[in-house]
Structures are given as C-alpha cells and as structure tokens.
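Scroll down for the structure; my scribbles are underneath it.
The values are calculated or read from the model by the stated rules, or taken from the named source; none is laboratory data. Only a predicted model underlies this, so the values are computations on that prediction, with no experimental measurement involved. Positions of Cβ are backbone-derived with ideal geometry, glycine not excepted, and every protein chain shown enters the neighbour counts. For the accessible areas, the whole protein counts, side chains as well, though only heavy atoms, and no ligand, DNA or RNA atoms are used. Shrake-Rupley method; radii C 1.70, N 1.55, O 1.52, S 1.80 Å.
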Amino acid sequence: CGGFMLTRKKLLKLLEQPRCGEIICLEETSSTNLVADRMIRDNRLPDGTVVVADTQKNGSGRLGRSFYSPGRVGLYFSYIKVLPKNAENTGLLTSFAALAVCSAVNSVCGIQPKIKWPNDILIDGKKVCGILTKLVSDTKSNTLTHAVIGIGVNVNQTAGEFPEDLAQKAGSLRIALDREVDRAVLCAQIITQLDTLLLEKKALCGDASAYVIQLRSLSCTIGKTITIAAPDGEETATALDIAPDGGLVVKTASCTKVIRSGEIDDSYR
Ligand code: BTN
C-alpha cells in the first residue's frame with residue numbers, strides 16, 4: 001500500500017503484458033517531465049519508457065502552475081511516446097491519457113471518474129489527477145519526434161493534508177474510497193492502458209472517433225455554463241461537445257466555436 005517506494009521490480013511484476021518501454025524509478029526529482037525531456041535529448045529511448053518519482057520538488061502543471069507532489073502518497077510519472085511519422089492526432093494525447101487513467105481507476109478502485117476538459121480527472125467534483133503533455137521536436141528536421149505525457153494522481157492523501165489553496169478543489173482516491181490504494185498496482189494499470197491505447201493504429205494515426213465518443217460520455221464539462229479566460233477578458237459560454245480533434249465546442253452569446261486550449265472556471269453554474 002501507499003508509503004512504500006515504487007520500484008522497477010515491483011512495477012515490472014505487476015505489468016500484465018510484455019512491453020518494450022523501460023521503467024525508471026527515482027526517489028526524488030524536480031519534475032519527471034523534465035527528466036523525460038532530458039533523456040529524450042540525450043539517448044535513444046524505447047517507446048513507452050516511463051519515468052516515475054516518489055516525490056517531485058518542482059512538479060509542474062498547466063498554465064505555469066505547480067503540481068503538489070508530496071512523498072509516497074501520490075503517483076507522479078511521465079510516459080514517453082515515440083511518435084510515428086504520420087501521427088495526425090497528437091492534439092488528442094492528453095485526452096487519450098485521461099481515458100487510460102479513468103479506465104485504470106475504474107478497474108483498480110471500482111469507481112468511474114469524470115474528465116474535466118481538457119486535462120483534469122475528477123471524482124465527486126474533486127480533482128484527483130492532472131495531465132500535462134509536452135511535444136518534443138527534432139530541431140534539425142523540425143518534426144515532432146516524441147510526446148512526454150506527465151500524469152499526477154492524488155492517491156493516498158487525506159482530506160486535511162492538502163495545502164490551503166488546493167483544499168477546496170483537490171480530492172484523492174483514498175478520500176473517495178475511504179481506504180488506501182496500492183500506488184504500484186494503479187501505476188502498472190495506467191501504464192498498461194496507455195500502452196494498449198497508444199499502440200492502436202487508429203489512436204494516433206487514423207480515425208479516432210471511437211475515442212471521442214468515450215470522451216463525450218466521460219466528460220463532466222459538456223452541458224455546463226463555463227467561463228473561458230481569454231486574452232482580452234472573460235467570456236461566458238455553454239460547453240456543447242467534444243470536437244473530433246479533442247477541442248471543446250462552445251456556444252457563446254455571439255457564436256458557436258471550438259476552443260483548443262483554455263481555462264474553464266471551476267465554479268460550475
Ligand atoms: C495539471 O494539473 O495542470 C497537470 C499536472 C501534471 C502533473 C504531472 S506529475 C508528473 C509530471 N511531472 C510534472 O512536473 N508534471 C506532470
């Protein structure tokens with residue numbers, strides 16, 4: 001259960017299928033996304049290599065925020081995907097990871113999380129996971145070569161231990177289930193789900209509509225009145241749908257449009 005260090009040996013034992021990706025476990029690091037990025041630039045890494053840390057000193061989130069990463073209670077890892085040359089659907093990578101996390105949490109914990117567009121996983125309205133995907137390109141050829149999919153899951157935190165600024169919004173699997181969850185089991189399950197999903201040809205290189213259907217059914221953003229932060233202020237809109245490329249279809253007072261990034265106000269009305 002939580003509290004023990006995550007080791008490569010433990011994870012390899014739990015992984016269900018043979019895989020080519022390496023597993024690298026660190027006790028402490030600044031950010032697994034940074035380590036993964038550095039490793040991509042320094043080495044030739046097998047597809048599906050995963051960098052896991054028991055704690056991060058400088059875990060990063062979207063929009064320049066930090067990701068709270070206390071020791072041995074959460075899961076903090078980066079999954080490196082070597083991109084096929086004809087990868088068309090790289091804009092859906094964060095959504096693919098969200099589907100993998102939802103499915104893993106469902107099978108390990110027996111609860112169905114929801115996806116708050118674009119990158120948060122919620123249970124009972126509280127954020128239990130955030131995803132941050134970075135695309136890496138080869139500067140010489142100017143082509144995308146890898147994606148670093150950073151996943152942070154609040155697993156065994158108790159209600160009282162989140163810092164004040166997160167206390168209202170953050171939850172954990174332990175809080176939702178009222179019991180501890182084995183981080184290694186969950187980590188191995190997320191990796192297995194990601195391996196399976198990302199090796200499907202249609203995910204990155206073909207018709208991804210089947211995944212978009214799943215995203216719709218798991219979305220807790222569709223149907224909500226939302227506030228979109230825009231460079232020139234805020235705009236109120238209704239979230240209508242997930243677009244085929246993973247964007248959010250919204251209806252504002254003046255038009256219907258697809259937004260591809262943005263900050264959705266948490267205080268759903
Ligand atoms: C967010 O909520 O805005 C995204 C959070 C992503 C956090 C994960 S933890 C592992 C990886 N390393 C990081 O520094 N960030 C991601």
Among strands (runs of 3 or more DSSP E) completely within segment 30-136, the ones holding 2 or more residues that are within 30 Å of Val258 (Cα to Cα), open to solvent by less than 20 Å² (accessible area, probe 1.4 Å) and modelled with pLDDT of 95 or more are 74-82, 114-116, 120-123
Quick one: Phe4 ticks every box in (1) within 30 Å of Asp178 (Cα to Cα); (2) modelled with pLDDT of 95 or more except a single one, so which number is it? (2)
Looking at segment 215-227, is at least one residue within 19 Å of the chain's Cα centre (by Cα) and exposed (fewer than 15 other Cβ atoms within 10 Å of the Cβ)? yes
Give the residue that is farthest from Leu92 (Cα to Cα), with candidates limited to residues of segment 224-243 that are small (Gly, Ala, Ser) and free of Cβ contacts under 8 Å to residues at least 60 places away in the same chain. Gly233
Residue list for segment 166-178, filter: outside any strand (DSSP E or B) and either under 21 Å from the mean Cα position of the chain (by Cα) or surrounded by 15 or more Cβ atoms within 10 Å (Cβ to Cβ) (or both): Leu166, Ala167, Gln168, Lys169, Gly171, Ser172, Leu173, Arg174, Ile175, Ala176, Leu177
Taking the options Ile226, Ile213, Ile222, name whichever one is over 27 Å from Leu15 (Cα atoms), aliphatic (A, V, I, L, M) and assigned to a loop (DSSP other than H, G, I, E, B). Ile222
Boolean, Gln189 is open to solvent by 10 Å² or more (accessible area, probe 1.4 Å) and assigned to a helix (DSSP H, G or I): yes
Note: among Glu88, Glu28, Glu22, Glu16, just one is touching a residue at least 24 places away in the same chain (Cβ under 8 Å), within 13 Å of the ligand (Cβ to nearest atom) and not basic (Lys, Arg), namely Glu28
Residue by residue through segment 244-259, note down the ones that are without any contact (Cβ under 8 Å) to a residue 12 or more places away in the chain and not in a loop (DSSP other than H, G, I, E, B). Val249, Lys257
For segment 14-23, state whether one or more residues are over 21 Å from Leu194 (Cα atoms) and open to solvent by less than 50 Å² (accessible area, probe 1.4 Å). no
Confirm whether Asn142 is open to solvent by 40 Å² or more (accessible area, probe 1.4 Å), more than 11 Å from the chain's Cα centre (by Cα) and either more than 16 Å from the ligand (Cβ to nearest atom) or under 29 Å from Lys13 (Cα atoms) (or both). yes
